[in-house]
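See structure below.
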Amino acid sequence: MTGMVPSPHVMVQIDLQRVRANAQTVRRETGVPLIAVVKADAYGLGAQRVAEAIADLVDGFCTSTLNEAISARVERFGKSTLTIGPIAPDASAEQHLKYNVRPAVWDRETALRLRRAHPVLSIDTGMQRFACPREHVDTVLAAGEIHEALTHATRIEHVHRLLTIAGNRGLKLHAAGSALLHEPVARLDAVRPGLALYRGAARVSAQLVEARDSTGPAGYGGFIMPRHGVILAGYSNGLRPGPCAVNGTARRVIEVGMQSGFIELGAGDKVGDEVVLLGDDVHEDHVGASWETSPQQALVQLAAAGVRQYLT
Ligand SMILES: *Cc1c(COP(=O)(O)O)cnc(C)c1O
């Protein structure tokens, strides 16, 4: 996605009330503290604005790095921020404390160095990235005087493994991102969702600049369609072929060029009509499945495709 440019012709509307409602739903349905993941600029929705919108509903925030936490200005809310990514070798405990950031650590040296910043142990339960192998858990816990542990869990077996390794030790534990919120056993002492906070909150749209009855095989590959239109968003803006909606009907982005996309149209669709690329009935999950990737990727990519506007 690096190198993508937002199209000035694509509107990205962010519904902060929807983010709030999603956070309230997560709280109600899980009944445990909520750590809101606002990494990657809150999945492209804008970390500062998102954090402001939900600060009173959450127990803490989570970013990848200290720098992300600083630029999201999350220390304003007096809640701690967990970082889950690699730590700069020169980052001190004082810097972390200044911004109320608690780093996840997974090796003895870092745990020792950042001990005063109340680090959290990241335990490897299968992901094999940014996490401590089982055999070093005791050493790292002791080095950092650690009372809290997490794992990056995307499947329930990751949670079972966490409990096997770190259960019954009096540690505060958390594991669940969005994929495991519905699993009571995964909720532990807190949940850590990103996507579940953002579902339905970004509406990405563009207007038809052309609309015509097709006269034969069209586009790059010669697609055959009774009627098609064009929007000013293409692969340089992160758009890919997949689902969309035009005038309330499910349609397809048929083919994309550098800065334009071909859209399947119905008889009544005309120039100026709005093509919804995400939002309304076009869900992150549908787009992600159609792109053969995750809903998170579909969201981040489409949220970056145009010009952001906030609905408050
Ligand atoms: C990104 C991330 C999450 C949130 O993931 P979602 O699937 O978007 O809820 C939780 N935990 C870790 C360690 C992550 O990296």
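The values are calculated or read from the model by the stated rules, or taken from the named source; none is laboratory data. Since the model is a prediction, treat every value here as computed from it, not as a measurement. Quick reminder, even Gly has a Cβ in these numbers, built from the backbone with ideal geometry, and neighbours come from all protein chains shown.
When the range 73-94 is examined, which residues are found to be charged (D, E, K, R) and either touching a Phe, Trp or Tyr at 6+ places or on another chain (Cβ under 6 Å) or surrounded by 14 or more Cβ atoms within 10 Å (Cβ to Cβ) (or both)? Within the range 73-94, E75, K79 meet the criteria. When the criteria are applied in full, M258 meets the requirement of being touching a helix residue (DSSP H, G or I) at 6+ places or on another chain (Cβ under 7 Å) and outside any strand (DSSP E or B). Right, R240: touching a residue at least 24 places away in the same chain (Cβ under 8 Å) and not hydrophobic (A, V, I, L, M, F, W, C) or not? Judged against the criteria, R240 is a match.
Filter the range 215-250 for residues that are closer than 30 Å to I84 by Cβ and out of contact with any Lys or Arg (no Cβ under 8 Å at 6 or more places or on another chain); which is nearest to the ligand (Cβ to nearest atom)? The selected residue is G238. Taking residues in the range 102-121 that are at positive phi, and partners anywhere that are surrounded by 17 or more Cβ atoms within 10 Å (Cβ to Cβ) and outside any strand (DSSP E or B), the pairs with Cβ atoms closer than 9 Å and at least 6 places apart or on different chains are H118/S80; H118/H96; H118/G144; H118/I146. Can you find even one residue in the range 290-299 that is under 28 Å from D213 (Cα atoms) and β-branched (V, I, T)? Within the range 290-299, not a single residue is under 28 Å from D213 (Cα atoms) and β-branched (V, I, T).
Here's the yes/no breakdown for (1) among the charged types (D, E, K, R); (2) under 18 Å from Y43 (Cα atoms); (3) in contact (Cβ under 8 Å) with a residue 40 or more places away in the chain; (4) not in a strand (DSSP E or B):
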| position | (1), (2), (3), (4) |
| --- | --- |
| A245 | no, no, no, no |
| R252 | yes, no, no, no |
| H286 | no, yes, yes, yes |
| L299 | no, yes, yes, yes |
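Taking the range 107-145 as the range and being farther than 15 Å from H174 by Cα and among the charged types (D, E, K, R) as the test, the residues that pass are D107, R108, E109, R113, R115, R116, R129, R134, E135, D138, E145. Against the criterion of being touching a strand residue (DSSP E or B) at 6+ places or on another chain (Cβ under 6 Å) and either within 29 Å of I224 (Cβ to Cβ) or of a type outside the set (K, R) (or both), L299 does not qualify.
Across the range 31-74, the qualifying residues are those that are over 23 Å from G306 (Cα atoms) and in a strand (DSSP E or B), and the one among them that is nearest to the ligand (Cβ to nearest atom) is C62.
Here's the yes/no breakdown for (1) of a type in the set (A, V, I, L, M); (2) within 17 Å of F130 (Cα to Cα); (3) modelled with pLDDT of 95 or more; (4) under 15 Å from the mean Cα position of the chain (by Cα):
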site	(1), (2), (3), (4)
I35	yes, no, yes, yes
E52	no, no, yes, no
C62	no, yes, yes, yes
S71	no, no, yes, no
G78	no, no, yes, no
P86	no, yes, yes, no
H96	no, no, yes, no
Y99	no, no, yes, no
D107	no, yes, yes, no
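Looking only at the range 173-220, residues that are more than 33 Å from the chain's Cα centre (by Cα), at negative phi and of a type in the set (G, A, S) come to 3 in all. Has the range 271-278 got at least one residue that is over 16 Å from A298 (Cα atoms), of a type outside the set (S, T, Y) and surrounded by 21 or more Cβ atoms within 10 Å (Cβ to Cβ)? Yes, because at least one residue in the range 271-278 is over 16 Å from A298 (Cα atoms), of a type outside the set (S, T, Y) and surrounded by 21 or more Cβ atoms within 10 Å (Cβ to Cβ).
If the condition is being more than 15 Å from the ligand (Cβ to nearest atom) and of a type outside the set (D, E, K, R), then the range 290-301 contributes S290, W291.
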